[in-house]
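Each remark here refers to the structure printed beneath this line.
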Amino acid sequence: MPGNTVPFLDTVWRASELSLGAIVTVSSGHALLDAALPGSGWPCGALTEILQTQHGVHEWRLLLPALRAVAGTVVLVGSPLLPNMPALACQGLAMDALLRIDAERAADQLWAAEQALRCRDVGAVLVWLAHARSDQLRRLHMAAQSANQAQGPPVFAFRPLLAQDASSPAPLRLRMGSAPGHRLEIGILKRRGPTLDRPLLLLPALPPALVKPARVPVPSFPPLHVVDRPRTLSTIA
């Protein structure tokens, strides 16, 4: 009947408009980026794919404002670099809020991320994937959607920029790089809304030294003072 079509049309999302549907998000902490994201933030219970040319350079500068706001443990899977915990603590991320899981193979990384999503105390999952098939990413996205929580955590997959032409089930895909003035350049490759012709330039909000090499070289001379300190990051081999 004609009278039944009006409510239906009111709920239709048009691809020429930014989706404002009832999705749960967490603010990215960057006002310019929030204005370009459906729901004004990172989607919860969904996969966000972030593509970049070099790992360990900009991840924390982009995500730390949001990670400070999530409730629960931030799980890092296959992180190529060790987080600089004192620097992160100074930026407001508690030192006991991170759990790092070492995994080298894509299958192991995806399995670990899926298991983390089964835990109620997980607030966000970050996974670094050098190689991943579309079906593997779809399984990760489905695991995020069916997370054992009332509000699923945001899931971020970091992948090489070369994967930008490959198909992906992630509803949100970004390209991240550097811009003059220590700014972040963010290109939105996929979102529920119209395409963006120009990348977003985010002002620097965090110091760059938030990661450190996984292997620290042994100094050639002994230090004058040695201070023992407890481990500040849980690691699962």
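For the range 152-196, filtering for residues that are polar (S, T, N, Q) and farther than 18 Å from His131 by Cβ leaves 2. In the range 78-100, what residues are in contact with a His (Cβ under 8 Å, 6 or more places away or on another chain) and aliphatic (A, V, I, L, M)? Correct list: Leu81 only. Could you tell me whether Val57 is at pLDDT below 95, touching a Gly at 6+ places or on another chain (Cβ under 6 Å) and among the β-branched types (Val, Ile, Thr)? Spelling it out, it is not the case that Val57 is at pLDDT below 95, touching a Gly at 6+ places or on another chain (Cβ under 6 Å) and among the β-branched types (Val, Ile, Thr).
In the set Gly181, Gly152, which member is modelled with pLDDT under 90 and at positive phi? None of the others qualify; the one that does is Gly181. Assess whether Ala132 counts as being more than 15 Å from the chain's Cα centre (by Cα), under 19 Å from Ile50 (Cα atoms) and assigned to a loop (DSSP other than H, G, I, E, B). Spelling it out, Ala132 is indeed more than 15 Å from the chain's Cα centre (by Cα), under 19 Å from Ile50 (Cα atoms) and assigned to a loop (DSSP other than H, G, I, E, B). If you check Arg192, Arg173 for being of a type in the set (Lys, Arg) and in a strand (DSSP E or B), only one passes: Arg173.
Conditions tested, residue by residue: (1) open to solvent by 50 Å² or more (accessible area, probe 1.4 Å); (2) not β-branched (Val, Ile, Thr).
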residue	(1), (2)
Ile101	no, no
Trp111	yes, yes
Glu114	no, yes
Arg118	yes, yes
Leu126	no, yes
Gln136	no, yes
Gln145	yes, yes
Ala157	no, yes
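The values are calculated or read from the model by the stated rules, or taken from the named source; none is laboratory data. Quick caveat: nothing in here was measured; it's all calculated off a predicted structure. Every residue, glycine as well, gets a Cβ built from its backbone with ideal geometry; the counts of neighbours run over all protein chains shown. With ligands, DNA and RNA removed, areas are computed over all heavy atoms of the protein, side chains included. Shrake-Rupley method; radii C 1.70, N 1.55, O 1.52, S 1.80 Å.
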